[in-house]
Each structure stands twice: as structure tokens, then as C-alpha cells.
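Novice: Starting off with a structure, shown below.
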Amino acid sequence: MRAVIVQLPGGPECLQIVERPRPVPGPSELLVRNFATALNRADLLQRRGLYPPPPGDSEVLGLEFAGEVAEVGSRVSGFQRGDRVFGLVGGGAYAEFLTVRYEMAVPIPDTFSFEAAAAVPEVFYTAGECLLELARLERGDVVLVHAGASGVGSAAIQLARATGALVVATVGSARKVDLCLRLGAARVVQYKDEDFRGAVNEVSGGRGADVVLDLVGAKHWDRSLECLREGGRLLVVGMVGGSRVSLDLWQVLRRRLQILGIAMRGRGIDDKIAIARRFRERVLPLLERGEIRPVLDRVFPLEEVRSAHERMEANLNEGKIVLRM
Ligand SMILES: NC(=O)c1ccc[n+]([C@@H]2O[C@H](COP(=O)([O-])OP(=O)(O)OC[C@H]3O[C@@H](n4cnc5c(N)ncnc54)[C@H](OP(=O)(O)O)[C@@H]3O)[C@@H](O)[C@H]2O)c1
């Protein structure tokens with residue numbers, strides 16, 4: 001099978017398509033013939049040698065897959081050959097075949113192509129865990145979503161709207177405003193020209209944000225904290241804008257703020273199975289009913305994996321970049 005690996009860390013030119021033997025499924029695993037995967041910032045970091053796969057996971061790049069069950073292990077239940085499945089893995093998804101624990105595979109909605117399905121797992125699992133599980137988002141809450149047109153941002157805006165929350169989104173360029181509005185943001189701020197604190201103030205009637213979904217980190221840190229209402233929650237999800245901040249604990253204590261971190265990769269298998277179950281219960285039905293949808297930026301054939309990485313690195317994507325096998 002073809003698979004993408006990095007022999008020497010570096011830029012997109014370091015990505016290599018190689019021939020590898022098909023993985024062999026264990027008793028509780030599925031062998032999946034993979035038709036599509038999607039890019040994540042983690043792949044870019046891994047390519048640069050800054051984010052190795054967790055011990056035991058494949059060194060082949062790729063965290064999400066959409067394909068067909070090709071073989072089932074002896075202890076698998078609920079799946080058979082030919083089933084269309086998607087989901088997350090710790091590595092190995094930039095490949096034509098992969099193995100996954102059967103409890104982490106999710107049936108693909110009938111109306112979804114493999115490309116659309118591949119654009120779902122990482123961003124909707126992450127947005128779901130952040131907003132529904134950690135932040136306990138409720139109808140009427142005000143949420144500030146940084147990098148609103150990113151993969152995770154585009155999923156989070158929709159999920160927040162489906163919960164009945166009001167969204168303020170930030171974006172780095174004018175062409176990303178429209179997508180956020182179409183996904184349901186009440187207000188979109190181009191952060192290079194406008195201070196998002198004003199927009200939060202406006203949308204929340206002066207109360208402040210209940211939740212900040214921070215996909216950017218240090219760059220927006222001080223103002224993100226300031227935006228929160230008393231008892232508000234800030235979710236630390238991404239650090240594309242830097243990871244070093246200073247913090248006046250007095251502010252956290254006095255305003256009873258909650259700062260919550262999340263990392264999806266590298267969790268124990270039981271955690272990952274629980275995350276997949278929560279996704280099936282809370283988010284999948286919304287996708288099946290068409291109330292929320294994956295946002296596809298562009299589909300590249302596997303041979304153009306380097307161009308796909310360049311596009312993400314240049315911050316050009318709106319929603320997800322997909323690779324077709
Ligand atoms: N913790 C977890 O488990 C988890 C899971 C998934 C993703 N993440 C993280 O969440 C973030 C978003 O992921 P994604 O896949 O949705 O990313 P993405 O689609 O590649 O979008 C990232 C966006 O962030 C903005 N950005 C990039 N560099 C920036 C900078 N220096 N300052 C400010 N904004 C910058 C850009 O949007 P603008 O042009 O609008 O500025 C860029 O398009 C990433 O940091 C990723 O690592 C974390």
C-alpha cells in the first residue's frame with residue numbers, strides 16, 4: 001500500500017510517498033481500506049519533527065480516516081466487511097490501509113462521500129469535547145471562537161449555534177469573514193483591524209463571553225481573558241499564535257475564571273473510545289440530519305500531499321483540506 005512518511009524532518013519537500021506492507025489487525029481491530037484523510041496542524045508539526053506519534057502508534061502521518069472495513073478481528077462486534085466507517089487514529093491515516101480499534105470506528109452517514117466524512121472527526125470531536133463536555137455550553141451563552149474559519153473553528157461555530165449559543169468569531173483576513181457568517185456567527189472580527197473585545201461586549205450586552213475557544217494562544221491571551229464574564233471558561237486548544245503567556249492569578253481568582261486545556265492525541269485508549277462514543281451520541285445525529293456539516297476547503301490527490309501542506313502552512317484554508325487516496 002502507499003503511505004506518507006517523513007524520513008528527515010523539515011518542510012513539505014520532506015514528505016515522501018512510499019510502499020509499505022498493509023498493517024495486520026489485532027483481535028479487537030478493524031482493517032480499513034482508507035479512501036480519504038484530512039490535514040491537521042499536528043501533521044505539520046510532526047513533519048517538522050516537533051510532534052512525534054505517541055508510543056505504539058504508526059509513524060505514517062495522519063490522524064483521521066474515512067473508508068471501508070476490509071477485515072474484522074476475531075473479537076470485533078457490530079462491524080462487517082464493506083461497512084463505511086470514519087474516525088480518529090493516533091497516526092497512520094495518510095495511507096491506503098490502516099488498523100483501528102473497532103470501538104473507535106463510527107458509521108459514515110449515508111449521504112456523506114468519503115471526502116466529506118474525512119473532514120469530520122478531528123474537528124467535530126475536538127469542538128464537541130470543548131464546547132459540550134468541558135465548557136458545558138448552554139442555549140443563550142456567548143462564545144468567542146478564535147480562528148473561526150479554521151477546521152476546528154468552522155466546526156465549533158456550527159456546534160455552538162446548534163446548541164443555541166451566540167458566536168463571535170475572529171479571522172485574519174477579509175475573505176474568511178463570509179464563511180463564518182454563513183456558518184452562523186453573529187459577529188465576525190478581522191482581528192488585525194479591530195479589537196474583538198468590543199464585539200464580545202456588543203453581542204453579550206456588556207456581560208462578557210461565557211466561553212472562549214482559543215485556537216491561537218499567546219497572541220490573543222490577555223484580551224481573551226479580559227473578554228470573559230465572571231465564572232467564564234477559556235479553553236486552551238491551539239497555540240499557532242505562541243505558547244508563552246503571563247497571567248495575573250489575582251484575575252483568575254477574583255473573577256472565578258476557569259482555564260481548561262485539551263489534547264486529543266496521545267490519550268489512553270479508554271479515553272479515546274469514550275470520546276468517540278460521546279461524538280456518536282451528541283454530534284453525529286446533527287450531522288446526519290444536516291443541521292451541521294463538514295466544511296471542505298479543497299480535496300488534493302495523495303500525490304499532491306506537499307501542496308496540501310503548503311496550503312495549510314500559508315493559512316489559506318477555510319475549513320478542512322482533504323487528501324484522496
Ligand atoms: N488540543 C487539541 O486536541 C487540538 C485538536 C485539533 C486542533 N488543535 C489546534 O487547533 C488549532 C486549529 O486547528 P485547525 O486544524 O482547525 O487549523 P487550521 O484549519 O489550519 O487553521 C488555523 C488558523 O489559525 C490562524 N493562525 C495561524 N497562525 C496564526 C498566528 N500566528 N496568529 C494568529 N492566528 C493564526 C489562521 O487563521 P486566520 O487566517 O483566520 O488568522 C489559520 O488558518 C491549531 O492550533 C491546532 O493545533 C488542537
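Rule-based calculations on the coordinates, nothing more; no lab input. If you're wondering where the values come from, they're calculated on a predicted model, not measured in any experiment. We place every Cβ from the backbone using ideal geometry, glycine too, and count neighbours over all the protein chains shown.
Novice: Counting DSSP beta bridges with both partners in the chain, what percentage is antiparallel, nearest 5? Provide the component values of the computation, followed by the final result.
Specialist: Numbers: 28 of 53 bridges.
In the chain, approximately 55 percent of DSSP beta bridges are antiparallel ones.
Novice: So which trypsin sites (Lys or Arg not before Pro) in the stretch 1-75 pass both tests, a DSSP loop state and at most 14 other Cβ atoms within 10 Å of the Cβ? Can you show the working numbers first?
Specialist: Numbers: sites: R2, R33, R41, R47, R48, R75; in loops: R48, R75.
Here the trypsin sites (Lys or Arg not before Pro) that fit, given the DSSP loop and packing criteria, are R48, R75.
Novice: Sticking with this structure for a sec: Taking amide hydrogens as modeled 1.01 Å from N in the peptide plane, which residues meet the under 5 Å criterion relative to F300, leaving out close sequence neighbours?
Specialist: So F300 has HN proximity to V322, L323, R324.
Novice: Here's a follow-up. Once fully extended, how much extra length lies between R255 and A274, figured as 0.36 nm per residue of separation less the alpha-carbon to alpha-carbon distance?
Specialist: Numbers: separation 19, 0.36 × 19 = 6.84 nm, distance 3.21 nm.
Computed gain between R255 and A274 is 3.6 nm.
Novice: Helix-only mean residue ellipticity at 222 nm, the chain, DSSP H runs n ≥ 4 weighted -39,500 (n - 2.57), per residue, nearest 500. What is it? Walk me through the numbers before you get to the answer.
Specialist: On the way: 11 runs with 85 residues, N = 325.
Computed mean residue ellipticity for the chain: -7000 deg cm²/dmol.
Novice: Let me ask something else about it. Before anything else, pin down the relative contact order of the chain: Cα pairs under 8 Å, at least 6 apart, normalised by residue count, whole percent.
Specialist: Numbers: 725 pairs, mean separation 57.7, N = 325.
Once normalised by length, the contact order is 18 percent.
Novice: Right, something else. Within 10 Å, at most 14 other Cβ atoms, and a DSSP state outside H, G, I, E, B define an exposed site. Report the longest part of the chain free of exposed GluC sites (Glu not before Pro).
Specialist: Working: sites that count: E59, E138, E194, E291.
Free of exposed loop sites, the longest segment is 195-290.
Novice: List the trypsin sites (Lys or Arg not before Pro) within the stretch 93-174 that fall in a DSSP loop (any state other than H, G, I, E or B) and whose Cβ has at most 13 other Cβ atoms within 10 Å.
Specialist: Numbers: sites: R101, R136, R139, R161; in loops: R136, R139.
When the trypsin sites (Lys or Arg not before Pro) of the stretch 93-174 are filtered for loop state and at most 13 Cβ neighbours within 10 Å, R136, R139 remain.
Novice: Once you sort the root eigenvalues of the Cα gyration tensor of the chain as a ≥ b ≥ c, which label holds: rounded (a/c under 1.5), prolate (a/b larger than b/c) or oblate (the other case)?
Specialist: It comes out prolate by the Cα gyration axes.
Novice: Any idea how far apart A218 and R81 come out in nm if each label point goes 7 Å out from Cα toward Cβ?
Specialist: 5.4
Novice: At 15 angstrom or more along the helix axis (alpha-carbon based) and mean Kyte-Doolittle of -1.0 or higher, what helices does the chain contain? Whole DSSP H runs only. Working shown, then result.
Specialist: On the way: long enough: 151-163 (19 Å, 0.72).
Span-like helices here: 151-163.
Novice: Sticking with this one: For a quick check: sort Y125, Y51 by the number of other beta carbons within 10 angstrom, fewest at the front.
Specialist: Working: Y125 23, Y51 15.
Placing the least packed residue first, the sequence is Y51, Y125.
Novice: For the stretch 123-261, what's the relative contact order in percent, using C-alpha pairs closer than 8 Å and at least 6 residues apart?
Specialist: Values: 283 pairs, mean separation 28.5, N = 139.
Once normalised by length, the contact order is 21 percent.
Novice: How far is it, in nm, from the label point at E304 to the one at A174 when both lie 7 Å from their Cα along the line to the Cβ?
Specialist: Those two pseudo-labels are separated by 2.7 nm.
Novice: I would also like to ask the following. In nm, to one decimal, how far is the E194 label point from the C14 one, both placed 7 Å along Cα→Cβ?
Specialist: The answer from the label model is 3.9 nm.
Novice: Shifting gears a bit: Classify the stretch 240-325 as rounded, prolate or oblate from the Cα gyration tensor: take a ≥ b ≥ c as the square roots of its eigenvalues, call it rounded if a/c is under 1.5, otherwise prolate when a/b beats b/c and oblate if not. Intermediate values should be presented prior to the final figure.
Specialist: On the way: a/c = 2.13, a/b = 1.38, b/c = 1.55.
Because a/c hits 1.5 or more and a/b fails to exceed b/c, the stretch 240-325 counts as oblate.
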